[in-house]
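The structure appears right after this line, and notes come after that.
The values are calculated or read from the model by the stated rules, or taken from the named source; none is laboratory data. Since we're looking at a predicted model, the values are computed, not measured. Glycine also receives a Cβ, built like all others from the backbone with ideal geometry; neighbour counts cover every protein chain displayed. SASA here: full protein model, heavy atoms, side chains in, ligands and nucleic acids out. Shrake-Rupley method; radii C 1.70, N 1.55, O 1.52, S 1.80 Å.
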There are 2 protein chains.
Amino acid sequence: MRPETLERRRAILRAATEVFGSKGYANGTLLDIADQVDMTHAGILHHFGSKDQLLVEVLRYRDESDVENLEQKHIPGGIELFRHLVRTAFANARRAAIVQAYVVLSAESVTDGHPAREYFEDRYRTLRDEVAEAFREVCAERGITAEDRIGHAAACILAVMDGLQVQWLLEPGKVELAETTEYAIEAIMTSVLEPRESPLGPISA
Amino acid sequence: MRPETLERRRAILRAATEVFGSKGYANGTLLDIADQVDMTHAGILHHFGSKDQLLVEVLRYRDESDVENLEQKHIPGGIELFRHLVRTAFANARRAAIVQAYVVLSAESVTDGHPAREYFEDRYRTLRDEVAEAFREVCAERGITAEDRIGHAAACILAVMDGLQVQWLLEPGKVELAETTEYAIEAIMTSVLEPRESPLGPISA
DNA sequence: GCCATGTTGCTGACAGAACAGTAACCTAAC
DNA sequence: GTTAGGTTACTGTTCTGTCAGCAACATGGC
């Protein structure tokens, strides 16, 4: 494969990220993408075979470029993972297009027969495991056990990051993505490391 | 308007909720909906004018039926609001179709020119205000002030509920929607009512 | 109580556009 | 001279929306 060809494909992937992000996968078209890279839609199909396949490669490509930006070339563990998540939130606040792509595609993926469903299932499973593992490390350092809380807390951390992105995309002026994410992560970490009585009391049906 | 007509329209709205939920708005078609109520797609357009308009009415209809189920006919305040949110999460764990509709549509609404965008902007703004107000009530009862934290916490509570729904829809067996939501709400409430030092420490860029 | 007249709730057929994918062909690079 | 990177042209499908017409129902005059 020629290096120019590789760069051409990367350009297509970047354009596809933007189109799927701004219009959704179902609503974004190959023509939209083709226009951005001065091609016909048939040219894109020549490179990627089908629209479904293109989406899969868009997601893979984004994962790769994420890892490239990480100097150590792999996600840190322990407390550093949580700091990394906060830093990611600050970085995300400056790249709405990519955030939008992830928000739209991850939600769309829960629909029947969506080509990215498996990707997102894997992704969340992996991330939950990594966050849970980081919690275990931090707990061990402090001589605490909190296994039951850790499972919930790991899912919560990912959830709050995603949910804040939706609100932020809808009204960027009304929600501070990064600062609020930081607040949430601190709150959830504290609930694991220094648990307290529930302020809710018993809840009747 | 005849009562049978009204019931017919409600049937269409229910069918539309299911279709938009399971396939998304862009990908779900009027024919899908028409089939479920034994009509032609032209019949649906006769009642609702356009697909966009139908979506708007689907969302309105769902809000109405939500309020009907609430005995006091309006959302409670203070600590009762938080209990209500937890109860809603338990109820949601038994109606994946409606949850899916909300997840898919709210995320899709951030795309350019989406007909439900205004609806969701309003919705989140209103909900954040209500949660913030409930926080203020609870703080007042306890003689605390936490105005700066409240803004963040209100957004976080909505965010974590939404985010957990996505993970739960993707792998219902791996995420306990209701219990995890309860855990998150308790954690965030505690962070407002009994704040502690951040476990993260300073974060370097 | 009954007919005339509008109104409502559809259907069937069609227009018009958009879209994914295919096939044949060209051209330039290796 | 064979392969890779495209284009043009076309196919078949799908989908929203429009329009004319029709049957059932409602309503007011008698």
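Tabulated values for the structure
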read-out: Unique residue being under 16 Å from residue A:187 (Cα atoms) and either surrounded by fewer than 14 Cβ atoms within 10 Å (Cβ to Cβ) or touching a strand residue (DSSP E or B) at 6+ places or on another chain (Cβ under 9 Å) (or both) when the list is B:172, B:202, B:195; value: B:202
read-out: Residue within the range B:59-70 that is surrounded by 19 or more Cβ atoms within 10 Å (Cβ to Cβ) and either touching a residue at least 12 places away in the same chain (Cβ under 8 Å) or out of contact with any helix residue (DSSP H, G or I) (no Cβ under 6 Å at 6 or more places or on another chain) (or both) present; value: yes
read-out: Cross-chain or 6+ apart pairs with Cβ under 7 Å, the range A:38-49 first and assigned by TED's automatic domain parsing to the domain that holds residue A:1, then open to solvent by 40 Å² or more (accessible area, probe 1.4 Å) and near DNA strand D (Cβ under 8 Å from one of its atoms); value: A:47/A:9
read-out: Residue within the range A:99-113 that is within 16 Å of DNA strand D (Cβ to nearest atom), assigned by TED's automatic domain parsing to the domain that holds residue A:130, among the acidic types (Asp, Glu) and open to solvent by 40 Å² or more (accessible area, probe 1.4 Å) present; value: yes
read-out: Any chance residue B:74 is on the phi < 0 side of the Ramachandran plot, more than 16 Å from DNA strand D (Cβ to nearest atom) and open to solvent by less than 70 Å² (accessible area, probe 1.4 Å); value: no
read-out: Selected residue (only one of A:147, A:186 is open to solvent by 10 Å² or more (accessible area, probe 1.4 Å) and within 17 Å of residue A:90 (Cβ to Cβ)); value: A:186
read-out: Flag if residue A:54 is under 30 Å from residue A:183 (Cα atoms), open to solvent by less than 30 Å² (accessible area, probe 1.4 Å) and away from chain B (no Cβ under 14 Å); value: no
read-out: Test: residue in the range B:23-32 that is in a helix (DSSP H, G or I) and within 14 Å of DNA strand C (Cβ to nearest atom); value: yes
read-out: Candidate set: the range B:186-202, residues that are at pLDDT 95 or above and more than 7 Å from chain A (Cβ to nearest Cβ); chosen: the one farthest from residue A:134 (Cα to Cα); value: B:192
read-out: In the range A:137-187, the residues that are in a loop (DSSP other than H, G, I, E, B) and closer than 15 Å to residue A:79 by Cα; value: A:143, A:144
read-out: Which numbered condition residue B:130 misses (of (1) open to solvent by 50 Å² or more (accessible area, probe 1.4 Å); (2) of a type in the set (Asp, Glu); (3) facing another protein chain (nearest Cβ under 7 Å); (4) under 16 Å from residue B:63 (Cβ atoms)); value: (3)
read-out: Filtered residues of the range B:188-204 (kept if in a loop (DSSP other than H, G, I, E, B) and touching a helix residue (DSSP H, G or I) at 6+ places or on another chain (Cβ under 7 Å)); value: B:195, B:196, B:198, B:199, B:200, B:203
read-out: Residue, most open to solvent (accessible area, probe 1.4 Å), within the range B:3-25, restricted to residues that are within 12 Å of DNA strand D (Cβ to nearest atom) and closer than 20 Å to residue B:115 by Cβ; value: B:23
read-out: Matching residues, the range B:26-51, being over 20 Å from residue B:99 (Cα atoms), within 12 Å of DNA strand D (Cβ to nearest atom) and not hydrophobic (A, V, I, L, M, F, W, C); value: B:35, B:40, B:41, B:43, B:46, B:47, B:49, B:50, B:51
read-out: Number of the condition not met by residue A:79 [criteria: (1) within 10 Å of chain B (Cβ to nearest Cβ); (2) within 14 Å of DNA strand D (Cβ to nearest atom); (3) in contact (Cβ under 8 Å) with a residue 12 or more places away in the chain]; value: (2)
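To keep it simple, each residue is scored yes or no on (1) more than 8 Å from chain A (Cβ to nearest Cβ); (2) touching a Cys at 6+ places or on another chain (Cβ under 6 Å); (3) at pLDDT below 95; (4) over 25 Å from residue A:124 (Cβ atoms).
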| residue | (1), (2), (3), (4) |
| --- | --- |
| B:94 | yes, no, no, no |
| B:99 | yes, no, no, no |
| B:122 | yes, no, no, yes |
| B:125 | no, no, no, yes |
| B:140 | yes, no, no, yes |
| B:161 | no, no, no, no |
| B:183 | no, no, no, no |
